[in-house]
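The values are calculated or read from the model by the stated rules, or taken from the named source; none is laboratory data. Because the structure is a prediction, the values reported are computed rather than measured. All Cβ positions, glycine included, derive from the backbone under ideal geometry; neighbour counts span all protein chains shown.
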């Protein structure tokens with residue numbers, strides 16, 4: 001059985017060679033005609049969608065390039081059996097491309113739409129770390145402060161710094177790999193997990209390595225950073241992020257839920273990370289177990305805006321953004337992880353995966369291009385995350401000098 005925790009653990013595509021989870025038009029705005037419900041034997045047809053309001057600087061891609069993308073995305077859709085996908089691409093000098101493919105609900109055949117909300121998994125990490133870095137800019141804490149200064153009872157807490165936590169170099173055991181946690185989650189996906197309970201699952205294990213010695217993706221790091229933001233920011237994490245990150249960034253449809261609430265409209269999500277190992281509908285599972293590491297919700301245009309904001313450091317001082325973008329090698333030569341952010345073949349951002357959903361919002365500074373991919377499943381194909389396969393298919397056509405991820409991911413560890 002593959003454990004539910006694995007997808008959130010593998011949020012960073014290059015870290016373990018797989019992938020973990022903006023200013024929109026008004027709610028209810030349609031960006032294109034509905035996608036016809038696909039038959040079992042016919043590939044879902046794309047939905048041509050007009051350029052969104054305010055995108056006059058991004059004319060649509062040429063018909064020839066758009067047709068190549070349509071065909072490539074349909075091919076991945078068939079091979080992965082992903083129910084539905086939303087794709088957005090904006091590149092100066094090349095144009096824009098916004099399409100939906102497939103269905104949002106396998107039971108009804110309802111089409112995928114561009115204004116749907118999605119659970120964004122480890123993309124949440126980018127918001128939590130941004131909140132932390134804002135506190136750094138305000139002089140309220142320092143990246144090289146030990147976590148023990150703020151949170152008691154952390155193994156190696158006197159030597160693990162906030163920088164090591166944000167950069168996935170703490171050595172702390174990933175709570176989402178603990179067998180007891182896995183059993184609790186898969187048997188009761190509606191359960192609320194307090195942050196301190198998540199830490200308990202981690203801290204009963206020995207540390208994995210000396211602080212700063214190596215890169216190892218661990219959701220435990222982000223739970224600790226979330227608690228630090230709450231303590232120093234003097235308000236609940238979801239409120240701090242709303243007031244200090246989302247509102248300044250102009251993100252009106254991005255939310256940090258404190259329960260299983262999922263704003264409409266949204267697609268149904270499908271996962272095989274269940275107690276039985278069978279594919280189930282995970283749409284309304286409680287994301288509290290991911291909290292600061294992966295509980296947030298967003299949509300296409302918010303993620304488009306956020307990808308650029310994140311990569312260019314709009315909300316931070318240039319000095320702090322420079323610290324954020326200093327990367328540490330991951331498993332793949334040429335890729336690196338900074339502070340809650342990665343650089344994969346020049347694409348800067350973070351992917352996200354939560355049972356039933358995957359997102360890939362990234363920005364390519366060299367070409368000022370933005371790509372956002374949204375899926376309503378996290379089921380892998382030959383050990384590869386579907387968002388990674390879509391990203392590779394899209395970038396191989398549009399940015400051939402910067403193919404994401406530029407390599408074939410290795411099969412993840414059995415869980």
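Going through segment 365-401 one residue at a time, which ones are crowded, with 24+ Cβ neighbours inside 10 Å, under 21 Å from residue 341 (Cα atoms) and in contact with a strand residue (DSSP E or B) (Cβ under 6 Å, 6 or more places away or on another chain)?
Across segment 365-401, the qualifying residues are 370, 371, 372, 373, 374, 375, 378, 386, 387, 390, 391.
Which number in (1) outside any strand (DSSP E or B); (2) within 30 Å of residue 161 (Cα to Cα); (3) modelled with pLDDT of 95 or more; (4) under 19 Å from the mean Cα position of the chain (by Cα) marks the one condition that residue 360 misses?
(1)
On the basis of being surrounded by 20 or more Cβ atoms within 10 Å (Cβ to Cβ) and within 25 Å of residue 365 (Cα to Cα), does residue 98 make the cut?
Numbers: surrounded by 20 or more Cβ atoms within 10 Å (Cβ to Cβ): yes; within 25 Å of residue 365 (Cα to Cα): yes.
Yes; evaluated as a whole, the condition is true for this residue.
Evaluate the following for residue 257: is it part of a helix (DSSP H, G or I) and surrounded by fewer than 24 Cβ atoms within 10 Å (Cβ to Cβ)?
Values: part of a helix (DSSP H, G or I): no; surrounded by fewer than 24 Cβ atoms within 10 Å (Cβ to Cβ): yes.
Criteria not met by residue 257.
Which members of segment 173-228 meet the condition of being within 14 Å of residue 293 (Cα to Cα) and either at pLDDT below 95 or part of a loop (DSSP other than H, G, I, E, B) (or both)?
174, 193, 194, 217, 218
Scan segment 273-290 for residues that are at pLDDT 95 or above, part of a loop (DSSP other than H, G, I, E, B) and either in contact with a strand residue (DSSP E or B) (Cβ under 8 Å, 6 or more places away or on another chain) or within 26 Å of residue 218 (Cβ to Cβ) (or both) and jot them down.
279, 282, 285, 286, 290 - these are the residues of segment 273-290 that are at pLDDT 95 or above, part of a loop (DSSP other than H, G, I, E, B) and either in contact with a strand residue (DSSP E or B) (Cβ under 8 Å, 6 or more places away or on another chain) or within 26 Å of residue 218 (Cβ to Cβ) (or both).
Here is a list: 59, 83. Which entry is farther than 29 Å from residue 269 by Cβ and in contact with a strand residue (DSSP E or B) (Cβ under 6 Å, 6 or more places away or on another chain)?
On the way: 83 fails: farther than 29 Å from residue 269 by Cβ.
Just one listed residue meets the conditions, 59.
On the basis of being in a strand (DSSP E or B), under 23 Å from residue 288 (Cα atoms), modelled with pLDDT of 95 or more and in contact with a strand residue (DSSP E or B) (Cβ under 8 Å, 6 or more places away or on another chain), does residue 118 make the cut? Let's see the steps before the verdict.
Working: in a strand (DSSP E or B): yes; under 23 Å from residue 288 (Cα atoms): yes; modelled with pLDDT of 95 or more: yes; in contact with a strand residue (DSSP E or B) (Cβ under 8 Å, 6 or more places away or on another chain): yes.
Here the answer is yes, as residue 118 does meet what is asked.
Kindly indicate whether any position in segment 158-168 is under 24 Å from the mean Cα position of the chain (by Cα), at pLDDT 95 or above, closer than 30 Å to residue 281 by Cα and buried (at least 20 other Cβ atoms within 10 Å of the Cβ).
No, segment 158-168 contains no residue that is under 24 Å from the mean Cα position of the chain (by Cα), at pLDDT 95 or above, closer than 30 Å to residue 281 by Cα and buried (at least 20 other Cβ atoms within 10 Å of the Cβ).
Can you tell me which residue within segment 319-344, out of those that are modelled with pLDDT of 95 or more and in a loop (DSSP other than H, G, I, E, B), is surrounded by the fewest Cβ atoms within 10 Å (Cβ to Cβ)?
Step by step, filter segment 319-344, then rank; the result is 326.
Of everything in segment 287-318, what is within 18 Å of residue 226 (Cβ to Cβ) and surrounded by fewer than 19 Cβ atoms within 10 Å (Cβ to Cβ)? Give them in sequence order.
Within segment 287-318, just 315 meets the criteria.
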